[in-house]
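Shown next, in structure tokens, is the structure this report addresses.
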Amino acid sequence: MEESAILSETQSYPYPDVKGRYGAYGGKYVPETLMPALQELEEAYTAAKTDPGFQQRLDALRRDYVGRPTPLFLAERFTEHLGGARVYFKREDLAHTGAHKINNALGQVLLARKMGKERIIAETGAGQHGVATATAAALLGLCCEVYMGEEDMERQQLNVFRMELLGARVTPVKTGTRTLKDAINEALRDWVTNVGNTHYVLGTVHGPHPYPLICRDFQRIIGEETRRQLYEKEQRLPNLLLACVGGGSNSIGLFFDFLGDAGVRMVGVEAGGLGVDSGKHAARFSGGVLGSLHGALSYVLQDVHGQITGTHSVSAGLDYPSVGPEHAHLRESGRIEYTSADDQEALDAFQLVARLEGIIPALESAHALAHACKAVPDMGKDEIVVINMSGRGDKDVQQAIKYISPGEQSP
Ligand SMILES: *Cc1c(COP(=O)(O)O)cnc(C)c1O
């Protein structure tokens, strides 16, 4: 076992640069009025990184509140079923609130407290990031307001109630398509107005610099733990890492610490919806073009007039018209490969893993599992795959009922 398998070699990775860019992507495409707020946030974050008090508090809450480290689980029956490489699940589904989103929400709310902010705002689509943020705000005693599209509030009433139980105010957004992208616009607008006492907790590795950096750093713990845990179990590095890609936070969280290890392949899986040719999907790297949305330059699903096109996925968490700028860069450099799994493939993997492992995965995570079903059988039995189980599927059971009749399914 070489030392390099224990210690990450990603240290010399130079992104983002001083302008907040990842190669050609990223940056700060925001109104002039937001520039001072982004500057203040970047300075506070840079200071927090080397503040032992901040890091100790974060470590303690990760351990005692979130439940970290989350386990690395050898999925034996899934492995046997696929007949190729050994498959491990990184169990972010066991983190408090049931997904990786708490890693970022907790880190950012702690940072807001350190900055002396009294108020937290967030956007949410399906409600998962809103719930994670409302949770962290309750824990740390900050006032919380969550913007949510009216259409999404209608579809996700349980999460609206959850946020309210946690003491947050959920504000309906009635503009545009009344979904996530409109909620982000509204949150940005609020932030411009109330920046003095308010921190905006952005939910993924998107938005203007320094958000993609901050969110990546708070999610990196996933890959750091995986590296250590796999070393304990197998004394080696994995051959392949798989994760689903919505905005891109759980995937970069798993991948980041392995970027410097040339022998580790990484594949990000986008939502293929009803098929990439149908136009009803969220596969930004297949159907998207270069554009700026929500403050960053990246791949965007838009029409020839620059209008954002409607997206579709069976999983709400992957249903977003753009993707984090760092992913655009890592794709271009060839370091990470991207593919998609469609709704049906994800639903099949959702059922398969429930039956074989007794784990109901989030429909988002099921996209990564679906790709494993295609890729793992062709791999050698001595190879190792780690899949990020980004969340648990309890939240998706209502959605799955529409597609699946239990008892009839055949894994
Ligand atoms: C929100 C969510 C995702 C997608 O977001 P990323 O930023 O791409 O990680 C994936 N899985 C789960 C369980 C989610 O809640």
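The table that follows gives values for the structure above.
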item	result
Those residues of the stretch 244-262 which are more than 7 Å from the ligand (Cβ to nearest atom) and assigned to a loop (DSSP other than H, G, I, E, B), in sequence order	LEU259, GLY260, ASP261, ALA262
Odd one out for ALA282 among (1) touching an Asp or Glu at 6+ places or on another chain (Cβ under 7 Å); (2) within 13 Å of the ligand (Cβ to nearest atom); (3) in contact (Cβ under 8 Å) with a residue 60 or more places away in the chain	(3)
Test result for GLU383, buried (at least 18 other Cβ atoms within 10 Å of the Cβ), charged (D, E, K, R) and within 21 Å of LEU230 (Cα to Cα)	no
Count - residues of the stretch 387-410 that are under 21 Å from ASP319 (Cα atoms) and either of a type in the set (D, E, K, R) or part of a helix (DSSP H, G or I) (or both)	10
Test result for SER249, in contact with a Cys (Cβ under 6 Å, 6 or more places away or on another chain) and not hydrophobic (A, V, I, L, M, F, W, C)	yes
Whichever residue in the stretch 187-208 is modelled with pLDDT under 95 and buried (at least 18 other Cβ atoms within 10 Å of the Cβ) and, among such residues, is farthest from the chain's Cα centre (by Cα)	VAL195
Residues being more than 19 Å from LEU356 (Cα to Cα) and either outside any loop (DSSP other than H, G, I, E, B) or of a type in the set (Phe, Trp, Tyr) (or both) - total across the stretch 67-116	18
Residues (away from the ligand (no atom under 14 Å from the Cβ) and either free of Cβ contacts under 8 Å to residues at least 24 places away in the same chain or among the charged types (D, E, K, R) (or both)) located in the stretch 263-279	ARG265, ASP277, SER278
Conditions (1) closer than 24 Å to VAL66 by Cα; (2) buried (at least 24 other Cβ atoms within 10 Å of the Cβ): number failed by GLU232	(2)
Candidate set from the stretch 209-238 (those that are under 22 Å from the mean Cα position of the chain (by Cα) and assigned to a loop (DSSP other than H, G, I, E, B)); member that is nearest to the ligand (Cβ to nearest atom)	ARG220
Of all residues making up the stretch 99-123, the number that are away from the ligand (no atom under 16 Å from the Cβ) and either farther than 17 Å from ARG57 by Cα or among the polar types (S, T, N, Q) (or both)	5
Search result, residues across the stretch 374-411 that are at pLDDT 90 or above, of a type in the set (Gly, Ala, Ser) and either in contact with a His (Cβ under 9 Å, 6 or more places away or on another chain) or farther than 21 Å from VAL87 by Cβ (or both)	SER390, GLY391, ALA400
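The values are calculated or read from the model by the stated rules, or taken from the named source; none is laboratory data. What you see is a predicted model, and the numbers here were worked out from it, not measured in a lab. No Cβ is skipped: glycine too gets one built from the backbone with ideal geometry, and neighbour counts run over all protein chains shown.
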